[in-house]
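Shown next, in structure tokens, is the structure this report addresses.
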Amino acid sequence: MRHMEMYYGKNKPFECGFNNRESMQQNQLNNLRMKYCARILLSDANVFKENVIADAKNEANTAKHNEQKGATYKG
């Protein structure tokens, strides 16, 4: 995974860059999950890539329209 890019196989303690505080670490992991998800969904190997892009645009337009009306998104 992405945090393993920092591993060089040496005998010193492995520091992958995650925060020691659990709440911050959870936030870091969630961000990594979102990055991986986006990469997979937008990959050229994904046969549904165009559908994903169209759906994302529709959701963004709906959210923008609702924001202009003062409505809150109920996802």
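The values are calculated or read from the model by the stated rules, or taken from the named source; none is laboratory data. Values in this document were obtained by computation on a predicted structure and should not be read as measured data. Cβ sites come from the backbone with ideal geometry, for glycine too, and all protein chains shown count toward neighbours.
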### Query
Just a yes or no: is a residue in region 9-16 surrounded by 12 or more Cβ atoms within 10 Å (Cβ to Cβ) and modelled with pLDDT of 90 or more?
no
### Task
All but one of (1) in a helix (DSSP H, G or I); (2) exposed (fewer than 11 other Cβ atoms within 10 Å of the Cβ) hold for N27, so report the exception by its number.
(2)
